[in-house]
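The values are calculated or read from the model by the stated rules, or taken from the named source; none is laboratory data. Fair warning: this is a prediction, and the values are worked out from it, not measured in the lab. Because the Cβ atoms are built from the backbone with ideal geometry, glycine has one as well, and the counts that use them run over all protein chains shown. Ligands, DNA and RNA are stripped out before the accessible areas are found, and what is left, the full protein with its side chains, is counted by its heavy atoms. Shrake-Rupley method; radii C 1.70, N 1.55, O 1.52, S 1.80 Å.
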Amino acid sequence: MKYGFIKVAAGVPAVKVADVEYNVQQIESLIAQAEGKGVELIVFPELCITGYSCQDLFREQLLLDKAEEGLMLLLDFTRKLDIISVVGLPVVVNGLLYNCAAVIQRGSILGIVPKTFLPNYGEFYEKRWFASAQDLSPVDFYLAGSPVSISPEPSVFVTGDGVKFGIEICEDVWAPIPPSNNLALAGADIIMNLSASDDLLGKHQYLRSLLAQQSARTISAYVYASCGFGESTQDVVYGGAAMVFENGRQLVEGDRFSLQPQIKIAQVDVERLRSERRHNTTFINAQRQASARLVVAKAVEPRDFELIREIDPHPFIPKEADMQTTCEEILNIQVAGLAKRLYHINAEKAVIGISGGLDSTLALLVTVKAFDKLGLDRKGIIGITMPGFGTTDRTYNNAMTLMQTLGVTIREISIAKAVTQHFEDIGHDAKVHDITYENSQARERTQILMDIANQVNGLVVGTGDLSELALGWATYNGDHMSMYGVNAGVPKTLIRYLVTYVAGEMATETLLDIVDTPISPELIPADKNGMIKQKTEDLVGPYELHDFFIYYFMRFGFSPKKIYLLAQKAFSNTYDDATIKKWLTTFCRRFFTQQFKRSCLPDGPKVGTVSLSPRGDWRMPSDASYSLWLKECENL
């Protein structure tokens with residue numbers, strides 16, 4: 001494991017029923033392929049050494065003897081291999097036959113895990129041949145020439161670099177309380193399932209849903225391999241499912257009904273899973289049984305690391321297929337939050353500063369929808385455009401057109417005269433375009449909004465977004481402040497999609513032009529051609545990078561080193577390494593130094609899994625040191 005990643009695989013070999021020699025050769029072939037691809041952990045189907053569909057042949061001593069010999073062959077084959085393989089075979093213990101998984105590595109049996117829940121309904125008759133792990137007492141015995149222990153007690157296996165995994169067999173996961181529940185609570189990061197699930201109409205979709213849910217419920221990775229081509233089709237057909245899930249999300253899936261053996265490989269992020277568990281108090285406080293037996297695998301030589309997972313450069317952006325549903329859901333959350341606040345304070349007026357930029361546009365759209373939902377007159381929405389020294393014709397015209405289109409009350413109040421007077425009062429040279437020059441404008445605008453809200457007995461709707469809050473890109477007690485911040489839980493990259501979505505609903509070109517307008521606070525005068533000189537992303541960095549950093553820093557607590565690795569993969573065709581490092585360093589510095597602004601945020605709705613509310617998801621001292629993070633950035 002490196003950077004928290006481990007490469008796992010589900011293998012589906014071709015089999016011949018009761019032909020152990022052939023089956024072992026097929027398993028060996030897939031183990032060799034997986035080892036060559038750097039796989040550290042692979043699981044095969046249930047009873048793969050003999051074939052699952054042997055039926056009453058499981059009563060034949062010859063088959064049982066050959067199964068044990070087959071395991072010996074696999075032990076000999078893996079003698080010099082680091083890969084840990086989980087294979088299925090029938091095992092006789094004290095005169096009873098058990099359906100077992102054998103965990104093998106470097107010529108040794110690390111452990112034997114018996115199946116607990118035996119299906120005996122419909123087409124299944126396992127109790128005809130096998131005993132359950134529930135009937136078992138702990139026993140030490142010899143198998144394939146090696147001393148082993150078998151027990152009904154759950155076993156958690158530990159790889160040489162500390163990854164923990166547990167095993168359940170087919171029907172176990174269909175049980176009301178699957179063994180994987182206890183295995184996960186005992187520390188297993190990964191669950192390996194050896195299965196022999198026949199295919200029926202609609203069953204695979206249900207199975208996929210079941211595995212995804214179990215992976216999510218246990219906050220684990222779930223690796224599933226089921227019998228495929230070669231099993232008996234006397235009465236049923238086995239499609240050879242191979243799937244890997246990570247906390248409910250499917251990473252890979254094999255080709256069902258393939259006539260060829262296959263391996264499906266995935267890179268599991270164990271660090272991410274552990275972060276989720278530490279964060280989830282429901283998981284932490286779940287009732288645990290007695291601790292499981294720990295079985296430690298052999299140490300292995302370090303391998304060259306290559307990140308093979310696809311990393312989404314825009315983790316906050318919904319997939320195209322989910323775009324409409326997701327955008328509608330987000331808007332509904334924002335609208336419901338604002339509607340409740342307006343209703344609670346009995347306000348029929350809302351005041352918003354409209355700049356012609358993305359954030360104020362989304363806030364206005366949300367406010368319009370909230371007023372419509374409450375049955376309030378849109379004229380109660382007072383949209384105020386406050387041109388200043390840096391306002392451009394493009395943003396001014398878009399602001400005016402948008403408000404006219406939406407039918408809200410429009411007010412225009414220039415801040416130039418008031419700010420100029422303020423400069424004289426405090427003795428500031430208006431030719432010096434420093435932080436005082438910029439923040440005076442932002443605070444004057446906020447004062448106007450607050451005072452007009454008092455005049456009309458209304459509520460100031462905040463426009464600042466999650467990305468700006470993370471970077472501290474807001475004027476303290478200026479645009480940083482409002483009476484309800486509807487965008488507080490929405491990152492900048494997502495706002496573009498939300499506005500574009502509403503533009504499709506309204507069929508207006510103005511919204512699309514706002515989306516295409518460069519992001520700027522417009523506090524510095526434009527050039528002689530009226531072009532914006534102050535572009536936010538030139539100053540603090542691309543928002544798509546910062547939103548990426550925000551997601552992995554806050555959602556999973558990843559270190560700069562790992563975030564850098566993921567960003568290199570995600571933005572390989574967009575930014576070079578030096579650029580990623582530069583803005584990651586900027587992010588770490590700004591995130592820590594600007595916490596004081598987040599410590600006194602106005603109320604606002606949480607929209608996704610990442611939130612900066614000091615009353616909710618993110619509680620951090622404003623004077624926390626960030627030297628650890630900057631030092632790691634320096635060493636990238």
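Put a dot 7 Å past the Cα of residue 509, heading toward its Cβ, do the same for residue 295, and the two dots end up 7.0 nm apart.
In this structure, residue 142 and residue 631 have a Cβ-Cβ separation that, at R0 = 60 Å, corresponds to a calculated FRET efficiency of about 0.65. Between residue 576 and residue 69, how many nm apart are label points set 7 Å from Cα along the C-beta direction? Placing both labels 7 Å beyond Cα along the Cβ direction yields 6.4 nm.
Mean separation of Cα pairs under 8 Å and 6 or more residues apart, divided by the residue count, gives the range 1-141 a relative contact order of 20 percent. The dipole here belongs to the chain: it is taken about the Cα centre, uses +1 on the Cβ of Lys and Arg and -1 on the Cβ of Asp and Glu, and is about 1420 debye. For residue 510, the accessible surface of its heavy atoms amounts to roughly 20 Å² (probe 1.4 Å, protein chains only, rounded to the nearest 10). The range 301-358 and the range 186-224 have their alpha-carbon centroids 30 Å apart.
Quick check on packing: order 246-259, 399-412 by the mean number of other C-beta atoms within 10 Å, highest mean leading. Walk me through the numbers on the way to the answer.
On the way: 246-259: 16.6, 399-412: 18.3.
Top to bottom by mean Cβ count within 10 Å: 399-412, 246-259.
Listed by chain and number, the lysines whose alpha-carbon sits under 18 Å from that of residue 66, ignoring those within fewer than 8 places in the same chain, are 16. Taken over the range 349-425, lysine pairs spaced eight or more positions apart, or on distinct chains, with alpha carbons under 24 Å apart number 4. Here the range 325-370 is treated with +1 on each Lys and Arg Cβ and -1 on each Asp and Glu Cβ, and its dipole about the Cα centre works out to around 180 debye.
Once you've got the Cα coordinates, tell me which of 37/562; 37/115; 492/597; 80/569 are over 24 Å apart.
Details: 37/562 22 Å; 37/115 30 Å; 492/597 18 Å; 80/569 33 Å.
Among 37/562; 37/115; 492/597; 80/569, the Cα-Cα distance tops 24 Å for 37/115; 80/569.
Once Cα Rg over 2.2 N^0.38 Å is calculated for the structure shown, the corresponding label among (1) 1.20; (2) 1.07; (3) 1.49 turns out to be (1).
How much mean residue ellipticity at 222 nm does the chain get from its helices, if each DSSP H run of length 4 or more adds -39500 (n - 2.57) and you divide by all residues, to the nearest 500 deg cm²/dmol? It would help to have the intermediate numbers written out before the result.
Details: 20 runs with 243 residues, N = 636.
Helices in the chain give a 222 nm mean residue ellipticity of -12000 deg cm²/dmol.
Against the chain, whose longest principal axis comes from its Cα atoms, helix 577-593 is set at around 70 degrees.
Hey, what did the range 298-444 get for relative contact order, percent, Cα under 8 Å, at least 6 apart?
18 percent.
May I ask for the distance between the Cα centers of the range 462-526 and the range 573-636, given as a whole number of Å? Result: 19 Å between the Cα centres. When only Cα pairs below 8 angstrom with a gap of at least 6 residues are kept, the range 91-209 shows a relative contact order of 19 percent.
Think of a 1.4 Å ball rolled over the protein heavy atoms: the chain then has 43 Å² of accessible area per residue. For the chain, the share of accessible area belonging to carbon and sulfur comes to 49 percent (1.4 Å probe, ligands and nucleic acids excluded). Going toward the positive end of the dipole of the range 64-117, with +1 on Lys and Arg Cβ and -1 on Asp and Glu Cβ, which of 73, 110, 99 do you reach last? Checking the options against the dipole of the range 64-117, the answer is 110. Seen against the Cα atoms of the chain and their longest principal axis, helix 492-506 is set at about 80 degrees.
Since only 257, 314, 289 are under comparison, the one whose Cα sits farthest along the positive direction of the charge dipole of the range 244-326, derived from C-beta charges on Lys, Arg, Asp and Glu, is 289.
Dipole of the range 255-364, Cα-centred, from +1 at each Lys and Arg C-beta and -1 at each Asp and Glu C-beta, to the nearest 20 debye? Mind showing how you got there, number by number?
On the way: 15 positive and 15 negative charges, 154 e Å.
So the dipole magnitude of the range 255-364 works out to roughly 740 debye.
Ranking 473, 174 from most to least accessible surface, computed with a 1.4 Å probe over the protein chains only, gives 174, 473. These residues, 600, 588, go from largest to smallest accessible area, 1.4 Å probe, as 600, 588. Averaging Cα coordinates gives a centre for the range 376-412 and one for the range 1-74; these two points are 69 Å apart.
Dipole orientation for the range 194-266: of the candidates 204, 233, 221, 221 has the Cα lying most toward the positive pole (charges on Cβ; Lys, Arg +1; Asp, Glu -1).
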